[in-house]
Structure formats: structure tokens, C-alpha cells
Amino acid sequence: MNLDPQGLFRDHSDSDDEFELEKEKDPSKEMVVYLIDASPKMFDLVGNDEDKSQTYFHAAISSISQSLKTQIIGKSSDEVAICFFNTKEKKNLQDLNGVFVFNVNDREFLDQPTAKLIKEFSCIEGTFMSNIGSQYGIIPGSRENSLYSALWVAQALLRKGSPKYVSKRILVFTNEDNPFGNITGAAKTDMIRTTVQRAYDAQEMGISIEILPLSIPNEPFNVSHFYADLIGLEGDEVAQFLPSAVERLEDMTDQLTKRIFKKRIVRTISFSIAEGINIEVNTYALIRPALPGSVTWLDSVTNLSLKAERSFICADTGALVHEPPKRFHPYKNENVKFSVDELSEIKRISNGHLCLLGFKPLDLLKDYHNLKPSTFIFPTDEDCGRLHFVFEGFFSVSRI
């Protein structure tokens, strides 16, 4: 029996049939909100002998600007928003104090990056103090909590789009590892509790929160003061985060690039270990080419994006066909019709994409058995069956 390896390991949503409905699709679009701390501490000079004039705020602005330039070319369909907190002026839909959403004309708060946005954002340092201003948003004797408000605004910006099809992220830039350090007593406990709960609410909506600490070796960023609870770090995860937090500011652009270009899942497949025992695993490509964004058609008059629509017209009556089209195959002078579900069932070889048949010595696997590059597989966070264990490895489509 000859099997098509590409079809065997292909998701049902990856069919070449243009009429097949996509049943499951990994997020192919990303929405990112940059949360930038604008407190006076961010405008302190970096303790670097080579460049005494650089501030933490400048490092954040320059790294985000460079990331947007790369993003507008490589992933033009992704959407971004830029939000400052600990500001004197306020600009947000919720009308919360200490939060300023930066934007330009002819663009929504969360939208695709434009050349005008990048140009004005890159030059924001010169006019920031006069137009937006800087202040400490969390001070003793006040119930104002700018970090809580910033997370609220970012969460509201990311409400649109289903988590099944859109990856949503919040990136926080700050050099203050203990934002509630000046407050004591019940007020501090209550502020920490409500801020952490706001972060948990965002994560339950499918929004991931990441911290990009602005620190230098002689001023380490201690995530255990507060941000470990905010992003859900526990045990060894805190110790693993601390070494990356003391990297030099010159590497901030590289750090941001690594986080923006996260490893996207190639596909999700089911791994059948035994009868009734299945786990879902994600597959990640080890190496993939960097391709430019897709072509966007624009109206020649308004220069706005065009939306392509397709309709089917009956050849006999000329009327629009509203029913979903069906495929057929001629057999004995008769057209045998197939529905989309029937075609999917015919192509289904087994219930699981990967099935454990047994074990063989490694020396039986030859180089010429390989049909395509190997793929890294790792269990998903979602439960499939009742099996829980640590599993990771590689597989490649082979012929044995």
C-alpha cells in the first residue's frame, strides 16, 4: 500500500482542495501591545562608560522602532499598539489617568504599523516631556495604580479577534522591578492583588504578558519582587529568568527581535500511544525561509485595501449559487457527488496523525529513508486524553 507522506502528516485544514473548510488553524496573525514605563526613573542615564547620554527610555524607544521597521516588512498583517504608563497626560478609551496610547492620524489604536507611525514614534523623545509628561503613577497616599490601568487598557485593545486565530501579547518595558516599593500596609497588598488579578484575567483571555527588563550588570532587575507573580513564574522559572534580566542594554534590540519573532507552530497533530491514550503535540520547523509579506491590493483612487470576494454563478440560469459547492467523480457514466465531510473522511487514514507501532534499533534508520526535514515536536498545553508526562523530541517523515 503506497501512502503519501505529505498527506499522512497533514492536518485536515491543510488540504489542497479549495472548497474544503478549515476546521482548525493555528494562529497566523499576531497582535502586540507595547507597554512602556514613562516614570522619571526611565529617564536616568545608563551607567555605561561608552555612552553617558543614553537613557533607559531611549533604549526602549530605539529597540521598538527597529522592531516595527522589521515587522512592517516581514509581517505586514500583524497589528501593534504603543502605550505609555506613568504619564501626566492621559489618552485612552477608558479615560484612565497615567496611561497614554500613542497613535497617528488615519489609524486605530491597534492597527497595522505604518511608516508615519514609525517616523513619529522614533522622534518622540524630543517632545515627550512637553506633550505627554512623566510622573510616578504609584505614590503613597493615593489610590492611583498606573500599572493596573495600563494592563486594563492593553487588555481592552486586544479584545478583538479570537485567540484561535490571533496570537495576543503584551510586552512591558520597565527598569523598576518593585513598582509598589514606596507603599506599605494594606494599600500595598490590595494594589498588588488587584494588579496580579488583572494580569490573570488577561491571560485567561488568551493574552500572554512578557517583561523586557531594562537593566545593566551592576543594577540587576529582580523579578522576584513583583513581576514573577504578574507573569506567573514559579520555582526554577524565576531563577532561569534572572540571568536574562541582566543583559546589557545594547542587546535590547536583539532581545525584542527574538520575542517578536516567536516560533510559530507549523501544525498540531495527535500522537496515539495506545488504544484510548492520545496526546496532542505541536510541531515546530527548525529552519524556515524568511519570506516577505503577502501582496495587498489597493484601490487606485482611495489607496485603501481591497477585499476580494468570489461568487459562483449557475451556468444554466445565471443565478448566484448560495449552496456550498460539491465535488464529483465520474463513474460508469454517472457523476458521484461528494460533500466536504465525505472527502475529509476518505482522506483520513486513521484517527491519529502519529501512531506508536513499536520500537526498532536506531541503526535500522538510514539517511535515504528521510523524505523531508525533521520537525521538533512538543506537547501542547491543552489536554488530550488523560496522559500527562514530559515528552519532547524530533521526527521526520521516513520510509522504512
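The values are calculated or read from the model by the stated rules, or taken from the named source; none is laboratory data. Every value quoted in this text rests on a predicted model; they were computed, and no experiment measured them. Note that we place each Cβ from the backbone using ideal geometry, even for glycine, and neighbour counts take in every protein chain shown. Just so you know, the surface numbers come from the protein's heavy atoms only, side chains and all, with ligands and any DNA or RNA stripped out. Shrake-Rupley method; radii C 1.70, N 1.55, O 1.52, S 1.80 Å.
General observations
- In a DSSP loop and with at most 15 other Cβ atoms within 10 Å, the chymotrypsin sites (Phe, Trp or Tyr not before Pro) in the range 294-373 are TRP297, PHE312, TYR331, PHE359.
- Using the Cβ-Cβ distance between SER208 and GLU89 with R0 = 30 Å, the FRET efficiency computed as 1/(1 + (r/R0)^6) comes to roughly 0.55.
- Pairs from LYS29/LYS360; LYS88/LYS160; LYS337/LYS372; LYS307/LYS347 whose Cα-Cα separation, in the structure shown, is over 30 Å: LYS29/LYS360; LYS337/LYS372; LYS307/LYS347
- The distance between label points at LYS307 and LYS366 comes to 5.6 nm (points 7 Å beyond Cα on the Cα→Cβ vector).
- Overall, the accessible surface of the range 274-348 at a probe of 1.4 angstrom is composed of carbon and sulfur to the extent of 56 percent.
- The residues of the range 265-365 expose, per residue, 87 Å² of accessible area to a 1.4 Å probe.
- Looking at the range 138-233, the accessible area is 42 square angstrom per residue; that uses a 1.4 Å probe and ignores ligands, DNA and RNA.
- Here the range 196-241 and the range 57-116 have alpha carbon centers that stand 22 Å from each other.
- Span from the the range 158-172 Cα centroid across to the the range 280-342 one, whole angstrom: 26
- Cα gyration tensor shape of the range 104-253, rounded if a/c is under 1.5, else prolate or oblate by comparing a/b with b/c: rounded
- Packing order of peptides 136-147, 230-241, 84-95, highest average first: 84-95, 136-147, 230-241 (average count of other Cβ atoms within 10 Å over each peptide's residues).
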